[in-house]
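The values are calculated or read from the model by the stated rules, or taken from the named source; none is laboratory data. Everything numeric in this text was worked out from a predicted model, so none of it was measured. A quick note on method: Cβ atoms are made from the backbone with ideal geometry, for glycine too, and the neighbour counts reach across all protein chains shown. Just the protein is used for accessible areas: all its heavy atoms, side chains included, with ligands, DNA and RNA removed. Shrake-Rupley method; radii C 1.70, N 1.55, O 1.52, S 1.80 Å.
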Amino acid sequence: MSIATTTASEKTGARTEDAVELITNARDRIDALDDRIIGLIQERMAVSAVIQESRISSGGRRVNLSREMEILAHYRDALGKPGTSLAMTMLELCRGKI
């Protein structure tokens, strides 16, 4: 085994060169997906800010709890119980703590 493979093997936990390559490529894909997810959340935060600003300037409240409950249910239905936690985190990012 070469030094580079040993390092890659240690980094991935894989024991064969084929597995090292597969894991490395899959991790690259995950990193790219994470970058897209972060970008989408940032875009969602910007859209949410526009909604909050409009709601507040029209005399409404910053947060619409019934809408947030819809979002929580949507994430829970799609992803199970962990989806609720994910949605709560996303909502907190988009509107701040209540």
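What does the charge count near Ser66 come to, summing +1 for each Lys or Arg and -1 for each Asp or Glu among other residues with Cβ under 15 Å from its Cβ?
Overall, the nearby charge balance is +3.
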Over the chain, give the accessible area per residue in Å² for a 1.4 Å probe, as an integer. 78
Count the net charge of all other residues whose Cβ sits under 12 Å from the Cβ of Glu53, scoring Lys and Arg as +1 and Asp and Glu as -1. +3
Using +1 at the Cβ of each Lys and Arg and -1 at the Cβ of each Asp and Glu in the chain, identify which of Val20, Gly96, Ile56 lies farthest towards the dipole's positive end. Ile56
Where does the chain land on Rg(C-alpha)/(2.2 N^0.38 Å)? 1.63
For the chain the mean separation of alpha carbon contacts under 8 Å (6+ apart) over residue count, i.e. relative contact order in percent, is 20
Portion, in percent, of the accessible area of the chain that falls on carbon or sulfur, probe 1.4 Å: 58
With axes computed from alpha carbons, what is the tilt in degrees of helix 81-95 against the longest principal axis of the chain, rounded to the nearest 10 within 0 to 90? 60
Using 0.36 nm times the number of residues separating Leu40 and Leu86, minus their current alpha carbon distance, what extension gain do you get? 15.1 nm
